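A.B. asks: Just passing along the structure, written as structure tokens.
No value in this document is a laboratory result; all are computed from the given coordinates. Owing to the predicted nature of the structure, the values given are computational and were not obtained by experimental measurement. Virtual Cβ from ideal backbone geometry, glycine too; neighbours counted across all protein chains shown.
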Amino acid sequence: QVQLVESGGGLVQAGGSLRLSCAASGRTFSNYAMGWFRQAPGKERDFVAAIIWRRGTTYYADSVKGRFTISGDNAKNTVYLQMNSLKPEDTAVYYCAVDVGGISATYYRSGTYDYWGQGTQVTVSS
């Protein structure tokens with residue numbers, strides 16, 4: 001069993017920055033992937049970024065590439081999403097997730113992930 005708790009969301013102006021955190025507790029895995037997804041009201045949950053923990057490989061959606069950075073802190077069992085140059089279209093609830101299998105080929109699919117956090121709201125004003 002893994003529990004994930006997101007934090008760091010809030011209200012910012014376009015062009016601003018936020019750093020989201022996702023703290024994990026419970027069982028740890030040697031080979032796993034962690035991902036960030038987001039969901040705007042009335043829309044589907046979309047992939048944002050992922051990291052293959054052991055490899056240190058990162059992946060990003062085209063819409064956030066060059067603006068967002070995913071990283072992890074092993075000592076704190078925490079993954080971060082640094083979001084810069086925020087746009088109004090980034091407004092959504094952001095969720096972190098863990099894939100215990102760490103299958104990179106399907107990192108962009110929400111169904112790949114086994115555990116999810118409760119989400120944190122990010123609102124970007126124009």
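A.B. asks: Along the three principal axes, how long is the chain when you take its alpha carbons, biggest first, rounded to the nearest angstrom?
C.D. replies: That works out to 42, 27, 26 Å along the principal axes.
A.B. asks: A follow-up question, please. Which residue fluctuates most in the GNM of the chain (Cα springs below 10 Å): Leu20, Leu86, Leu11?
C.D. replies: For the chain, modelled as a Gaussian network with Cα springs under 10 Å, the answer is Leu11.
A.B. asks: For Gln39 and Gln3 in one chain, what is 0.36 nm times their gap in residues minus the Cα-Cα distance, to one decimal in nm?
C.D. replies: On the way: separation 36, 0.36 × 36 = 12.96 nm, distance 1.99 nm.
In short, 11.0 nm is gained.
A.B. asks: Where is the GNM fluctuation largest for the chain (alpha-carbon springs, 10 angstrom cutoff): Gly15, Gly102, Gly111?
C.D. replies: Most flexible of the set in this elastic network: Gly111.
A.B. asks: For the chain, what proportion of DSSP beta bridges, expressed in % and rounded to the nearest 5, is antiparallel? Don't jump to the answer; show the numbers that get you there.
C.D. replies: Details: 40 of 44 bridges.
Of all bridge pairs located within the chain, approximately 90 percent are antiparallel.
A.B. asks: Describe numerically, in nm with one decimal, the distance between label points set 7 Å from Cα along Cα→Cβ at Ser25 and at Lys65.
C.D. replies: 3.8
A.B. asks: Would you be so kind as to identify which of Cys96, Leu4, Ile52 lies farthest towards the positive end of the dipole of the chain, taking Lys and Arg as +1 and Asp and Glu as -1 on Cβ and the Cα centre as origin?
C.D. replies: Ile52
A.B. asks: Next up: Tell me the label-point distance for the pair Thr57, Val100, using the 7 Å Cα-to-Cβ offset, in nm and rounded to one decimal.
C.D. replies: 2.2
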